[in-house]
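Here is the structure we will look at, set down as structure tokens.
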């Protein structure tokens, strides 16, 4: 099943492998994507990764989260992305642009001295409290996302992925831990999901109903049970996935964790099949409730686990990040039978501000 094709809302994908988004530290300071990013994606495409999801691209400079992060906030950025998309499309791969607003993970600078979020809930890793967004700011951000989708379409991307995970703005809205609003964007599960639906609606007004919109969804904030009164987890995250799928989202990538929950975001020492696919149970719950493909990420390393996840109905596609940093040719090697397990040891040394790459010494 790993090498069977799949169709996501008209995106014809040659196999079940997804390159999950990660920050690459390879854009210019103003967010312009570079040829170096194109090199990275083209290498993945050449090595048979069916669907490539780009590093997160900010929709407004006020929502930038890190140095050398990609942006999609102005039309002048369409051209450089076109060149990258064309390189990927020379191979049998598809590419989707992940778009994001940093929210409580926004980088504080002299030009941008504060964070915007649904509610003024302290971000404990930074010791900072964000500004609660006004209605005007929420509406402007909805427009920022919709215009970013338009730009992605004009650049030739096969679709977009809304980043609704990992403590960024859209996941701030869906989580009761970070969203304490009393207006139409806060309170019930449906209201906390509404901002995503508003983005989809405005996007449809701009470019029609046919352009694929995927979501990377937090299924849990990642806190230890009982440590917080209000937090996101199942079964509520399953209901959110159902709402999104019923309102035009064409695939959901299941992920989890925010920075304040500790090691949940980037688990280390994934050294046995039992530790792999740590969001599998969430994915299965969601897959049983929705009729669009479920993509699963999170510590997946071995072919036997990948095959099991597909055969036993946990997911429709397998999403990899760190293993493809260590071995960009992993998918082609799996297909040829040259390996059965990624060599990635989940050390997180690939988070390199000089450009994402594997820095583990395999000679040790």
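Considering only segment 263-350, give the helices (runs of 4 or more DSSP H) lying wholly within it that have at least 1 residues that are touching a helix residue (DSSP H, G or I) at 6+ places or on another chain (Cβ under 8 Å) and surrounded by fewer than 22 Cβ atoms within 10 Å (Cβ to Cβ). The helices (runs of 4 or more DSSP H) meeting that bar are 280-287, 303-311. Residues in segment 1-23 that are in contact with a helix residue (DSSP H, G or I) (Cβ under 6 Å, 6 or more places away or on another chain) and buried (at least 24 other Cβ atoms within 10 Å of the Cβ): 17, 19. Here is the figure for segment 100-142: residues that are out of contact with any helix residue (DSSP H, G or I) (no Cβ under 6 Å at 6 or more places or on another chain), surrounded by 16 or more Cβ atoms within 10 Å (Cβ to Cβ) and either assigned to a helix (DSSP H, G or I) or at pLDDT below 95 (or both) total 3. Quick check on segment 217-230. Is at least one of its residues in a loop (DSSP other than H, G, I, E, B), crowded, with 16+ Cβ neighbours inside 10 Å and at pLDDT below 95? Within segment 217-230, one or more residues are in a loop (DSSP other than H, G, I, E, B), crowded, with 16+ Cβ neighbours inside 10 Å and at pLDDT below 95.
For segment 117-130, a residue qualifies if it is under 24 Å from the mean Cα position of the chain (by Cα) and farther than 15 Å from residue 186 by Cα, and the qualifying residues are 122, 123, 124, 125, 126, 130. For segment 144-154, check the following and say yes or no: at least one residue is in a helix (DSSP H, G or I) and more than 19 Å from the chain's Cα centre (by Cα). Taking every residue of segment 144-154 in turn, at least one turns out to be in a helix (DSSP H, G or I) and more than 19 Å from the chain's Cα centre (by Cα).
Only residues that are crowded, with 20+ Cβ neighbours inside 10 Å, assigned to a loop (DSSP other than H, G, I, E, B) and out of contact with any strand residue (DSSP E or B) (no Cβ under 7 Å at 6 or more places or on another chain) were counted across segment 26-46, and they come to 1. With respect to being part of a helix (DSSP H, G or I), touching a strand residue (DSSP E or B) at 6+ places or on another chain (Cβ under 9 Å) and closer than 30 Å to residue 336 by Cβ, residue 52 falls outside the description. Of the residues 97, 77, which is in contact (Cβ under 8 Å) with a residue 60 or more places away in the chain, within 16 Å of residue 37 (Cβ to Cβ) and not in a helix (DSSP H, G or I)? Being in contact (Cβ under 8 Å) with a residue 60 or more places away in the chain, within 16 Å of residue 37 (Cβ to Cβ) and not in a helix (DSSP H, G or I) holds for just one of 97, 77, which is 97. How many of the residues making up segment 207-216 are surrounded by fewer than 18 Cβ atoms within 10 Å (Cβ to Cβ), in a loop (DSSP other than H, G, I, E, B) and in contact (Cβ under 8 Å) with a residue 12 or more places away in the chain? Number of matching residues: 2. State yes or no: is residue 158 surrounded by fewer than 20 Cβ atoms within 10 Å (Cβ to Cβ) and at pLDDT 95 or above? Against the criterion (surrounded by fewer than 20 Cβ atoms within 10 Å (Cβ to Cβ) and at pLDDT 95 or above), residue 158 does not qualify.
The values are calculated or read from the model by the stated rules, or taken from the named source; none is laboratory data. Source: prediction; values computed, not measured. Cβ: placed from backbone, ideal geometry, glycine included. Neighbour counts: every protein chain shown.
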